[in-house]
Each structure stands twice: as C-alpha cells, then as structure tokens.
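Trainee: Quick one: the structure is below, and I'll ask about it shortly.
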Amino acid sequence: MARGGHRDKAYLRKLLRKAEEHCDGDDYDQVSELYRNKPSSYFKNIRRHHGNIMVPYVKDDGGDPRCPINGRLDGLFFGVTLYGGDLPDMSPFGNTRVIVPLDELFDDTANLYFADFYCKPSRKHIHYVTLVLTDAGSQADRFCRGHLIKLDPYNNNYLWKDEFSDTYMTLDQFKVQVEVMYTESIDMSHRHLTSIPTIGQGHSTPGGISKSENCDICNVW
C-alpha cells in the first residue's frame, strides 16, 4: 500500500462510521445526472484555451484537514443532491451550470470511494459527504485504492446503481449534501450551459473552507 495509506484508511473508517451514524434515513431520490456550477468565465476559459476539455485540477484544503485527497488528487466537483426532487435553483459556486448524465461517468468501468464527511464553520447545520468517482485502473484509481474506502456501487448510503433497473439513487436527507469528485477530463463540446442565480459570494473560496472543529457529528475525537 502507498505510503500513509494504512493511516489514511484507518482514519477514514472512523469518519465513515460517523457519516453512517448521521446518514441513517430511509429517504432517497432517483437521479440521472450530476451538476457543476462555476462562474461563466470558467467555462469561457475552457472553450477558448483548453479545446473545450474540462480538465481535473488538484483538490484544495477544504473539508477535513486529514482528508487524503487534499492537495494530492486532481478532480472535478459535482453535486448530485436534489432539493424537493429538483436540481437546486441557485448556487454559491457560480452563475453557470453544466449537467452531465450519470451513466457517462458512473458506468461499469468506474469505482466509487468515500473520501470525507464534514461541515463548515459558517454552515454547521449542513453536512457534506464527499465521494470520489474514478476510471478503474487509472492513476487516480490506484491512489484512491491505497488511501480511500471503496464503496459498493450497488449498496451504499450515498450514491448507488440499481442493478436491475439501470437507475441511480442518492441520499435524500435534510441538511446533508452529497458531492462527487470525478477524476477524469470531460469533453464540453456538446454540453448545454444554463444560467442560474448565485447566493453568497457566487464563487468557490480559494483554498477551500476547513471543517468545523467543534462538531460532534462529523469530528473523530
């Protein structure tokens, strides 16, 4: 196992238990897509300077400071949680949204991992579960296999496939959001962008926001 992998996994097992204790509801939503919100300038830059390819970049230090992917793994963050059965109608991360069908990314060649469970000091009432979705056998997948907790794609609490109906389900729990970090590039050539209202500062905080240190729900003491 990669250096530090045993320590990373031992800590994440404890963190996953905290997440499972909190995310114990029986309500779920059927979902078919992931959504990513960024400022319009982000997507213009992809079109003009990156050949319409959305390229993964290194994960910031947001969330749990002991999260193994912080500063060590490249990816693209997406939301999957619905609000009242629909996509959220505003975003703190930007005024432009792209939607990617789940079956393009979460297919039979993908692996799913648990990476983090946290809340933010300014929004302690909301908890976030971070998953990582990789292309099996890739460099990112090898890192995740050594440092993260692999989840059963058909049987976990957060995002899974129904093996009989070819549908996807995600957790629907009050004040819990599931976020997915995808580790491969995405071709934006035929993606439709939509404008949405922003809340707060309207963009991600540089460097990320570290988790609340005083929350009994998501801290491992």
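Trainee: Can you report the number of residues in the range 93-117 which are of a type in the set (Lys, Arg) and modelled with pLDDT under 95?
Mentor: At the first step, the residues of the range 93-117 found to be of a type in the set (Lys, Arg) are 97.
Still in the list and also modelled with pLDDT under 95: none.
Summing the residues that are of a type in the set (Lys, Arg) and modelled with pLDDT under 95 in the range 93-117 gives 0.
Trainee: Next question, about the same structure. Within the range 161-208, how many residues turn out to be without any contact (Cβ under 8 Å) to a residue 24 or more places away in the chain and not in a loop (DSSP other than H, G, I, E, B)?
Mentor: 1
Trainee: A further question follows. Would you confirm whether any residue within the range 199-218 is modelled with pLDDT of 95 or more and crowded, with 20+ Cβ neighbours inside 10 Å?
Mentor: Checking the range 199-218: at least one residue is modelled with pLDDT of 95 or more and crowded, with 20+ Cβ neighbours inside 10 Å.
Trainee: Of the residues SER91, SER32, which is in contact with a strand residue (DSSP E or B) (Cβ under 9 Å, 6 or more places away or on another chain), open to solvent by 60 Å² or more (accessible area, probe 1.4 Å), touching a residue at least 60 places away in the same chain (Cβ under 8 Å) and of a type in the set (Ser, Thr, Tyr)? Steps first, please.
Mentor: Numbers: SER91 fails: open to solvent by 60 Å² or more (accessible area, probe 1.4 Å).
None of the other options fit; the residue is SER32.
Trainee: May I pose another question? Which of (1) modelled with pLDDT under 95; (2) among the small types (Gly, Ala, Ser); (3) touching a Lys or Arg at 6+ places or on another chain (Cβ under 9 Å); (4) surrounded by fewer than 18 Cβ atoms within 10 Å (Cβ to Cβ) is the odd one out, the single condition SER165 does not satisfy?
Mentor: (3)
Trainee: A further question on this structure: Check LEU133 against each of (1) touching a helix residue (DSSP H, G or I) at 6+ places or on another chain (Cβ under 7 Å); (2) part of a loop (DSSP other than H, G, I, E, B); (3) of a type in the set (A, V, I, L, M, F, W, C) and name the one condition it does not meet.
Mentor: (2)
Trainee: Starting from residues that are among the aromatic types (Phe, Trp, Tyr) and not in a loop (DSSP other than H, G, I, E, B), keep the ones in the range 82-125 and report whichever is farthest from LEU12 (Cα to Cα).
Mentor: Just the residues of the range 82-125 that are among the aromatic types (Phe, Trp, Tyr), to begin with: 83, 93, 106, 113-114, 117-118.
Pick out the ones that are also not in a loop (DSSP other than H, G, I, E, B) and you get 83, 113-114, 117-118.
On the way: TYR83: 28, TYR113: 11, PHE114: 8, PHE117: 9, TYR118: 12 Å.
Restricting to residues being among the aromatic types (Phe, Trp, Tyr) and not in a loop (DSSP other than H, G, I, E, B), the top hit is TYR83.
Trainee: Are any residues in the range 104-123 open to solvent by less than 10 Å² (accessible area, probe 1.4 Å) and without any contact (Cβ under 8 Å) to a residue 40 or more places away in the chain, and if so, which ones?
Mentor: TYR113
The values are calculated or read from the model by the stated rules, or taken from the named source; none is laboratory data. Keep in mind the model is a prediction, meaning the values are calculated, not measured. Heads up, the Cβs are rebuilt from the backbone with ideal geometry, glycines too, and the neighbour counts pull from every protein chain shown. The area values use the complete protein model at the heavy-atom level, side chains included, leaving out ligands, DNA and RNA. Shrake-Rupley method; radii C 1.70, N 1.55, O 1.52, S 1.80 Å.
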